[in-house]
Structure formats: C-alpha cells, structure tokens
Amino acid sequence: MLAELEDWVGLVSSRDDSFNDLIMTMPLSPGGNTFASPFLAVANDDRRYWVKCVDACEAHTRMSVAIEYVVSSVGRLIGAPVCDSSLIRIPEEFVGWPVGQGHLEAGLAHASLAIPNAIERRLVLASRSRDDNQRRQVAVYALWDWCFGCDPQWLYDLENDESIYSHDHGLYFPANDGQWKKPYLIQCADEPNELPDASDGLSEEAVEQVAAALEKINRDALVNVLRGVPASWPVSDDDLEALGWFLEYRAPAVADRVRALMGREAESR
C-alpha cells in the first residue's frame with residue numbers, strides 16, 4: 001500500500017542542534033560565488049571537508065543545505081556512491097569569516113569529505129568500465145530518480161581508477177531551485193525523473209540489489225534521517241514530513257524503473 005501524506009503528520013519532531021561529533025578547526029578557503037559557496041575546511045578528525053552553511057546561501061536557497069544533508073543520507077540507505085558526509089559544528093571563534101554571499105555564523109553546517117584527487121564531469125555518466133562503476137552507477141540512476149535530481153554532477157576519483165561519486169545535490173527535489181515545497185512534491189510524486197543515459201554495461205546484479213533496497217525503504221529509516229536536520233536550519237517539521245512522504249511514496253515506482261534499466265536505450269538530452 002502506498003504511503004499517504006496524512007500518515008506522516010507529526011512524525012518529525014524533537015529536532016535540536018546538539019550535534020558535536022564533528023567540529024571545524026580551520027577554514028581553508030572563502031568559497032566562491034557559486035550557488036551554495038562551499039568552502040574547504042579542516043575538522044577535528046584532521047580530515048578536509050567541503051562545507052556548505054546556511055549563512056553563505058542567498059535567502060531563497062538556504063533550504064539547499066538541508067537538501068544536501070537529506071540526499072546524501074537517503075543515498076546511503078540504497079548504497080548510492082555519495083561522498084562521506086556529516087553535520088559539522090562551526091565554533092564561535094570563526095564567526096565573521098567571509099564566505100560566499102556572507103559571513104560565517106556559529107552553528108551547524110553540512111560537510112562533505114574532500115576527495116584529494118578527483119575530477120568533475122557533468123551531464124553524461126562516464127568511465128563505466130573503470131573501478132566498480134558498473135555497480136556504482138546503478139545507484140546513481142536510482143538516487144537521481146528517487147530524489148528528483150537536477151544539475152547532474154559526478155566526481156571521479158583519480159586515485160581509485162575513476163570510481164564515481166554523486167555530489168552537489170542542492171538542486172534536487174521539486175521545484176529544483178534550492179528549496180522544496182509541498183505542492184510541488186505532491187504534483188511530482190508520480191512523475192518519473194530518469195537519467196537518460198544508456199544503460200549498457202551496468203551490472204545486472206546491482207540492478208536487482210538497488211531495486212530491492214528501494215523496496216525495503218521503511219518509514220522509520222526516513223524519519224530518522226529527517227529528524228537529524230538541525231532545528232536551526234530554515235526548514236519546518238511540516239516541510240520535512242512532506243519530503244518523507246514523497247520519498248516513501250516514490251520508492252516502489254523507482255525500484256520498478258531501476259529494474260527496467262537493463263536493455264534501455266539512451267534518450268537524447
């Protein structure tokens with residue numbers, strides 16, 4: 001039975017800002033003037049991360065930081081090749097550091113582990129025969145469709161035979177403009193959003209595994225992800241409940257479309 005929007009009312013609550021597992025110890029760059037102005041920073045685990053924070057975004061795109069968090073988190077539920085990511089705390093000592101469209105404020109941001117030697121390619125998926133990409137790219141198709149992807153961006157790890165990662169998800173979810181809205185989620189819930197790339201060379205075994213993972217998505221797992229969105233971020237519990245419904249509702253149909261990848265011919269972009 002498909003999920004009903006009413007089933008999600010009241011499920012997302014008790015969000016807070018208590019996360020302290022990862023703390024920024026030094027910003028390394030001011031970021032650019034791109035959509036969300038990610039900047040490079042070192043954390044208390046001595047690793048480098050690309051950090052996106054609410055304060056660096058223009059007002060109408062501040063929800064995109066929550067989109068980054070949710071897409072990466074639900075991607076892991078289906079084994080999608082997303083970069084390791086986490087919330088990260090920005091301490092008071094870095095308040096005022098210039099970044100993007102503004103300045104840092106103390107609080108929580110989203111951190112994506114930096115891949116030291118990677119190249120970005122857009123649009124068409126590449127390097128399918130390298131590393132384990134025949135498997136990894138199956139979940140790329142799935143994540144794109146499930147989360148209503150937009151602005152395709154793929155990283156290829158040059159130190160690991162061009163292993164692919166899906167990254168920079170701030171324009172996912174309807175209306176694909178850095179925020180999501182309940183009316184658009186409802187409107188698009190039954191609408192396919194498939195990558196048009198050819199499916200030649202994909203792993204048949206991975207197709208079945210990813211489809212099965214989508215069919216096993218349960219409400220508790222999604223609620224757990226959505227409750228992790230910090231209370232201070234500009235997104236309401238109602239917004240998150242609508243998104244949870246969207247993801248639960250879409251999963252079975254996306255699983256069917258993943259299975260249909262085998263033998264599918266490429267459409268023109």
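Considering the conditions (1) touching a residue at least 60 places away in the same chain (Cβ under 8 Å); (2) over 22 Å from Val12 (Cβ atoms), Arg227 is excluded by exactly one of them, (2).
Only residues that are touching a helix residue (DSSP H, G or I) at 6+ places or on another chain (Cβ under 9 Å) and either over 28 Å from Asp132 (Cβ atoms) or small (Gly, Ala, Ser) (or both) were counted in the range 42-55, giving 2. Within the range 65-85, if we keep just the residues that are touching a residue at least 60 places away in the same chain (Cβ under 8 Å), of a type in the set (Ser, Thr, Tyr) and touching a helix residue (DSSP H, G or I) at 6+ places or on another chain (Cβ under 9 Å), the residue that is surrounded by the most Cβ atoms within 10 Å (Cβ to Cβ) turns out to be Tyr69. Tell me which residues, restricted to the range 88-108, are part of a strand (DSSP E or B), touching a helix residue (DSSP H, G or I) at 6+ places or on another chain (Cβ under 7 Å) and modelled with pLDDT of 95 or more. None - no residue of the range 88-108 is part of a strand (DSSP E or B), touching a helix residue (DSSP H, G or I) at 6+ places or on another chain (Cβ under 7 Å) and modelled with pLDDT of 95 or more, so the list stays empty. Taken over the range 18-60, the criterion of being acidic (Asp, Glu) and touching a Gly at 6+ places or on another chain (Cβ under 7 Å) is satisfied by Asp55 alone. Counting the residues of the range 109-129 that are touching a helix residue (DSSP H, G or I) at 6+ places or on another chain (Cβ under 9 Å) and surrounded by 15 or more Cβ atoms within 10 Å (Cβ to Cβ) gives 9. Residues in the range 11-64 that are at pLDDT below 95, under 16 Å from Gly102 (Cβ atoms) and hydroxyl-bearing (Ser, Thr, Tyr) were compared, and the one that is farthest from the chain's Cα centre (by Cα) is Ser29. Looking only at residues of the range 52-96 that are in contact with a strand residue (DSSP E or B) (Cβ under 9 Å, 6 or more places away or on another chain) and of a type in the set (Lys, Arg), we find that the one that is nearest to His110 (Cα to Cα) is Lys52. Assess whether Ser73 counts as being under 26 Å from Asp46 (Cα atoms), assigned to a helix (DSSP H, G or I) and at pLDDT 95 or above. Considered against the rule, which asks whether it is under 26 Å from Asp46 (Cα atoms), assigned to a helix (DSSP H, G or I) and at pLDDT 95 or above, Ser73 comes out as yes. With respect to (1) within 11 Å of the chain's Cα centre (by Cα); (2) of a type outside the set (Ser, Thr, Tyr); (3) part of a helix (DSSP H, G or I), the lone exception for Ala80 is condition (3). Checked across the range 151-162, the condition of being touching a strand residue (DSSP E or B) at 6+ places or on another chain (Cβ under 9 Å), of a type outside the set (D, E, K, R), surrounded by 23 or more Cβ atoms within 10 Å (Cβ to Cβ) and assigned to a helix (DSSP H, G or I) holds for no residue. Determine, yes or no, whether Tyr172 is modelled with pLDDT of 95 or more, over 18 Å from the mean Cα position of the chain (by Cα), buried (at least 18 other Cβ atoms within 10 Å of the Cβ) and closer than 20 Å to Gly244 by Cβ. Taking the combined requirement at face value, the residue does not satisfy it.
Checking each residue in the range 213-232 for being surrounded by 18 or more Cβ atoms within 10 Å (Cβ to Cβ) and in contact with a Gly (Cβ under 7 Å, 6 or more places away or on another chain) picks out Ala213, Leu222, Val223, Leu226. Find the residue count for the range 6-27, including only residues that are part of a loop (DSSP other than H, G, I, E, B) and surrounded by 14 or more Cβ atoms within 10 Å (Cβ to Cβ). Matching residues across the range 6-27 total 5.
The values are calculated or read from the model by the stated rules, or taken from the named source; none is laboratory data. These figures come from a predicted structure and were not determined experimentally. FYI the Cβ positions are ideal-geometry reconstructions off the backbone, even for glycines, and counts take in every protein chain you see.
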